Amino acid sequence: MSRVLVIGAGGVSSVVVKKCAMLPEYFDEIHLASRTLAKCERLQAEAGKDRVVGVYQVDADNVDELVALIEKVQPALVINVALPYQDLPIMDACLATGVHYLDTANYEPKDEAKFEYSWQWAYHDRFKEAGLMALLGSGFDPGVTNVFTAYAAKHYFDEIHYLDIVDCNGGDHGQAFATNFNPEINIREITQRGKYWEDGEWKETDPISVRKDLDYPGVGVRASYLLFHEELESIVKHFPTIKRARFWMTFGDAYLNHLRVLEGIGMTSIQPIDFNGQQIAPLEFLKAVLPNPGSLAEGYEGLTCIGTYITGIKDGKEKTIFIYNNCDHAACNREVGAQAVSYTTGVPAMIGASLMLENIWMKPGVWNMEQFDPDPFMDRLNKYGLPWQVVDVEKNPLADD
Ligand code: NDP
C-alpha cells in the first residue's frame, strides 16, 4: 500500500504533489490537506483528480483534527510540507495513528527562531517503540546537502575534516523584493545570528556580516554570506571528525537593502504588537503583503547552484571535492509550473517518500538524511530532475576565510 497524505498546499507542496502524481509506481494514491481547501482543490485540478483522489481542510496545529483526518485517509506515510510550526502536532498525530512521517524543515516554536532539532530528536524512542519512522529534512538544504555529505564520506574520504555548504540562487524573478520560500520562515532564518562549527564548538557572528565573493558553476561570481542552517547541527553530530562546518547563501544588494530597511522599522519581528486591538506579528503581516513564492515561477530566469565543498583525508592524503547541482528556474516552470527553489525542495521530499515506501530507507525511529545509505537517493536525484556532479578541486575557495 503506497497511499500518501500530503499536508500543506504551498509552493513546495505543488512540486511534491505533481512529482508524486507522475510516479504511480511509487505512489498509488495521493491525498492532500491544508488550511485553505481552495488551494488543495486548485492543486488537485492541476495534478489530476485520478491521482490526487482526496482533498481536505485541516488545521495542522490541532492534533485531534489531524488524527481524525489520518484515520479517515489511512495513509502509509504523511508528507509534511506545511510550516515548521506544524511538525510536532503532525508527529504526534502520526504516533497516535501508526503512520510514518517525513518533513523538509525542523520544528520551530512560533515566538523565537531556533532552527534546531532538539524537539524532534526527543521523539526518537517513541517512534522506535511504535515501529514507525520519521525522516527529517528531506528537502535540498537540509536534505540533499546531508546526503551529499554521506555520499562523499562513503565514496571519497576516509575522514571528513572541513565542510562548506554553498547555496546560490542565480535567478531573477523581476520583483523588487520577494522570498523564494515561505517569507516568514525565510526571513527568520536570515535575520538570526550567524553560527558555524569549529574545533568542537559553535561560534557566532552578527547576522549577514561575513561575506565572500564566490564563483558558482553555471552562475558566476556572487556575494555569499555566512548563515546558520539547520543541517549543520545534524551533520557535525553524525560526522564527528569534522573540524569546521559552515553554510553560505547568496544575496543581492537590493534584497539586503530591503531587508535592512524592513528590519530597521521592526517589520521582521515575530513578537506580536497591538494593532487596533488585535495582536499582529509584524513578520506575519509582511508575509501577507509580499509576493507568494509559488507565484514567482512565470518569467523566472537563471540557475540555482547548491553544493558542498568537502576537504578530508583519503589514503593518507588531503583532498577536496565540490559536489553540486544546478537547477534551471525556467525548466522547472515548464515541467511542473514551479520555480527552482520549490522544485529543489519538492523533488527530494518525493524521493525520500519513495525510498520509505519501498522499504529501501526504512527503520523505526527519528532520523536525519545522512543516516541512510546515500546511493539510492543519489540515483533518484539523477533520475527525477536534480542531476549532480562531483569535481576534484585544488583548494576549497573558502578555506582561508
Ligand atoms: P508556503 O507558505 O508556500 O506553504 C505552506 C503551506 O502550509 C500553505 O499551503 C499553508 O496554508 C499551509 N499551512 C500553514 N499553516 C497551516 C496549518 N496550521 N494547517 C494546515 N496547513 C497549514 O511554504 P513553502 O511551500 O515555501 O514551504 C513549505 C515548507 O518547506 C516549509 O516548512 C519550509 O521551511 C520548507 N522548505 C524547506 C527547504 C529545504 O530545502 N529543506 C527549502 C524551502 C522550504 P495556506 O495556504 O492557507 O497559508
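Based on what the data block shows, is residue 127 at pLDDT 95 or above, touching a strand residue (DSSP E or B) at 6+ places or on another chain (Cβ under 8 Å) and within 12 Å of the ligand (Cβ to nearest atom)? When the stated conditions are applied, residue 127 does not pass them.
If you go through segment 184-207 and keep only what is part of a strand (DSSP E or B), in contact with a strand residue (DSSP E or B) (Cβ under 8 Å, 6 or more places away or on another chain) and among the acidic types (Asp, Glu), you end up with 198, 204. Restricting segment 43-71 to residues that are in contact with a helix residue (DSSP H, G or I) (Cβ under 7 Å, 6 or more places away or on another chain) and small (Gly, Ala, Ser), the residue that is nearest to the ligand (Cβ to nearest atom) is 60. Restricting attention to segment 71-96, which residues are touching an Asp or Glu at 6+ places or on another chain (Cβ under 8 Å) and free of Cβ contacts under 8 Å to residues at least 60 places away in the same chain? Within segment 71-96, 85, 87, 89 meet the criteria. All conditions but one from (1) in a strand (DSSP E or B); (2) among the hydrophobic types (A, V, I, L, M, F, W, C); (3) more than 16 Å from the ligand (Cβ to nearest atom); (4) surrounded by fewer than 22 Cβ atoms within 10 Å (Cβ to Cβ) apply to residue 249; the one that does not is (3).
Taking the criterion of being surrounded by 17 or more Cβ atoms within 10 Å (Cβ to Cβ) and under 23 Å from the mean Cα position of the chain (by Cα), would at least one residue in segment 198-206 satisfy it? Within segment 198-206 (the criterion being surrounded by 17 or more Cβ atoms within 10 Å (Cβ to Cβ) and under 23 Å from the mean Cα position of the chain (by Cα)), the answer is no, since none of the residues qualifies.
Within segment 179-201, residues that are under 24 Å from residue 163 (Cβ atoms) reach partners that are within 14 Å of the ligand (Cβ to nearest atom) and among the hydroxyl-bearing types (Ser, Thr, Tyr) with beta carbons closer than 6 Å, at six or more positions or on different chains, in the pairs 186/179.
Looking only at residues in segment 72-89 that are of a type outside the set (D, E, K, R) and more than 13 Å from the ligand (Cβ to nearest atom), which one is surrounded by the fewest Cβ atoms within 10 Å (Cβ to Cβ)? Only one residue fits best here, namely 74.
Taking the criterion of being aliphatic (A, V, I, L, M) and within 15 Å of the ligand (Cβ to nearest atom), the residues of segment 1-10 that qualify are 5, 6, 7, 9. Checked against (1) buried (at least 16 other Cβ atoms within 10 Å of the Cβ); (2) farther than 17 Å from residue 117 by Cα, residue 215 passes all but condition (1). Taken over segment 148-177, the residue count meeting the criterion of being away from the ligand (no atom under 12 Å from the Cβ) and within 19 Å of residue 233 (Cβ to Cβ) is 11. Scanning segment 202-221 for residues being free of Cβ contacts under 8 Å to residues at least 60 places away in the same chain and of a type outside the set (Ser, Thr, Tyr) gives a total of 10.
Check whether at least one residue in segment 11-33 is within 8 Å of the ligand (Cβ to nearest atom), outside any helix (DSSP H, G or I) and among the β-branched types (Val, Ile, Thr), and report yes or no. No: zero hits.
Among residues of segment 291-320 that are under 30 Å from residue 17 (Cα atoms) and of a type outside the set (Ser, Thr, Tyr), those with a Cβ under 9 angstrom from a residue that is modelled with pLDDT of 95 or more and surrounded by fewer than 14 Cβ atoms within 10 Å (Cβ to Cβ), sequence gap 6+ or separate chain, pair up as 307/389. Only a single item in (1) assigned to a helix (DSSP H, G or I); (2) within 23 Å of residue 132 (Cβ to Cβ) is not met by residue 46, and it is number (2).
When segment 90-108 is filtered for residues that are farther than 26 Å from residue 22 by Cβ and either out of contact with any Leu (no Cβ under 9 Å at 6 or more places or on another chain) or near the ligand (Cβ under 8 Å from one of its atoms) (or both), only 91 remains.
The values are calculated or read from the model by the stated rules, or taken from the named source; none is laboratory data. Because the structure is a prediction, the values reported are computed rather than measured. Quick reminder, even Gly has a Cβ in these numbers, built from the backbone with ideal geometry, and neighbours come from all protein chains shown.
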